[in-house]
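J.: Quick one: structure below, then a few questions.
The values are calculated or read from the model by the stated rules, or taken from the named source; none is laboratory data. From a predicted model like this one, the values you see are computed outputs, not experimental measurements. For neighbour counting, all protein chains shown are included, and Cβ atoms are generated from backbone atoms with ideal geometry for every residue, glycine included.
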């Protein structure tokens, strides 16, 4: 099993997707998640993508909420191909990117992760080399996970160096956020030293309510899990955001002056500031994906 993991590391290095290798850039990978559905996770992914794009970054969203199509529904765009077509049908990475509003690309996950442990080394090399090309296409890759505490969600989270947890003032959302972090903390491959966990408080009345909500979660997580959380900002309850969803458009495009859109912009600027200050390590998409594959190989 250790040999398989080492082989995967060699594949990533051969792809040139390691910092300093061949001078190729690495994308910043941000994994957006939530303890339960219906808290605005996919809306967050889309609007952050739009705001990153507005600030000059090239952005791609990977819709990893398998079985659902939240991103494409919100974009009003139906993809011709998905990640399964890359893995099992021989498509290349550019074939499976769909370009949505605001010049943001997205990749539909399909059921592409399911059978990875059965693939040959040559096939895995092909996949990882294709995913390495995303580092040249995008500056930021946002992974929109499924909601809740499934094995698939946890695998994405343990592979990620940067997690953005979306929670709301609903008691069940707070409880489920804690449960997700507890499951992540117990995962045998989770590295707290190499993982930054940020919290976005959504649908709050104002910034003070968002701060109080974060403190409520943070106190429990610090006491019982010993994890370090960072409050990245709040998004207020906003009718314009609901109207934009009905129009199948991100509020950042439909109503760029809306209070929710401005909040997403502020959060994005904060995220960019952390990178500019050297507080974010870019690892690239191939390294992220090879970590998931290695986990499956070692399972």
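J.: When the residues of the range 132-158 are narrowed to those that are more than 21 Å from residue 73 (Cβ to Cβ) and surrounded by fewer than 17 Cβ atoms within 10 Å (Cβ to Cβ), which ends up modelled with the highest pLDDT?
T.: The initial filter retains those residues of the range 132-158 that are more than 21 Å from residue 73 (Cβ to Cβ), namely 132-140, 149, 151, 154-155, 157-158.
From the residues that got through so far, the ones that are surrounded by fewer than 17 Cβ atoms within 10 Å (Cβ to Cβ) too are 136-137, 151.
Values: 136: 89, 137: 92, 151: 82.
Taking the candidates together, the pick is 137.
J.: Given the conditions (1) at pLDDT below 90; (2) crowded, with 21+ Cβ neighbours inside 10 Å, report the number of the one that residue 129 does not fulfil.
T.: (2)
J.: Taking into account only those residues within the range 256-282 that are part of a loop (DSSP other than H, G, I, E, B) and touching a strand residue (DSSP E or B) at 6+ places or on another chain (Cβ under 7 Å), which is nearest to residue 241 (Cα to Cα)?
T.: Let us first name the residues in the range 256-282 that are part of a loop (DSSP other than H, G, I, E, B), namely 256-258, 277-282.
From what is left, the residues that are touching a strand residue (DSSP E or B) at 6+ places or on another chain (Cβ under 7 Å) are 280, 282.
Working: 280: 29, 282: 31 Å.
Among residues in the range 256-282 that are part of a loop (DSSP other than H, G, I, E, B) and touching a strand residue (DSSP E or B) at 6+ places or on another chain (Cβ under 7 Å), the one nearest to residue 241 (Cα to Cα) is 280.
J.: Follow-up. In the set 53, 58, 24, which member is modelled with pLDDT under 90 and either over 18 Å from residue 249 (Cα atoms) or touching a helix residue (DSSP H, G or I) at 6+ places or on another chain (Cβ under 6 Å) (or both)?
T.: Values: 53 fails: modelled with pLDDT under 90; 58 fails: modelled with pLDDT under 90.
Of 53, 58, 24, the one residue that is modelled with pLDDT under 90 and either over 18 Å from residue 249 (Cα atoms) or touching a helix residue (DSSP H, G or I) at 6+ places or on another chain (Cβ under 6 Å) (or both) is 24.
J.: When you scan the range 136-239 for strands (runs of 3 or more DSSP E) that lie fully inside it, which ones turn up with 2 or more residues that are free of Cβ contacts under 8 Å to residues at least 60 places away in the same chain? Talk me through it step by step, then tell me what you get.
T.: Working: elements: 140-145, 162-167, 196-204, 229-236.
Once the strands (runs of 3 or more DSSP E) in the range 136-239 are filtered for at least 2 residues that are free of Cβ contacts under 8 Å to residues at least 60 places away in the same chain, what remains is 196-204, 229-236.
J.: For residues that are in a helix (DSSP H, G or I) and buried (at least 19 other Cβ atoms within 10 Å of the Cβ), tally how many sit in the range 240-252.
T.: We begin by selecting, within the range 240-252, every residue in a helix (DSSP H, G or I); these are 240-246, 251-252.
Right, trim to buried (at least 19 other Cβ atoms within 10 Å of the Cβ) and you get 241, 244, 251-252.
Matching residues across the range 240-252 total 4.
J.: So for the range 200-223 (the condition being over 19 Å from residue 289 (Cβ atoms), in contact with a strand residue (DSSP E or B) (Cβ under 9 Å, 6 or more places away or on another chain) and modelled with pLDDT under 95), does at least one residue qualify?
T.: no
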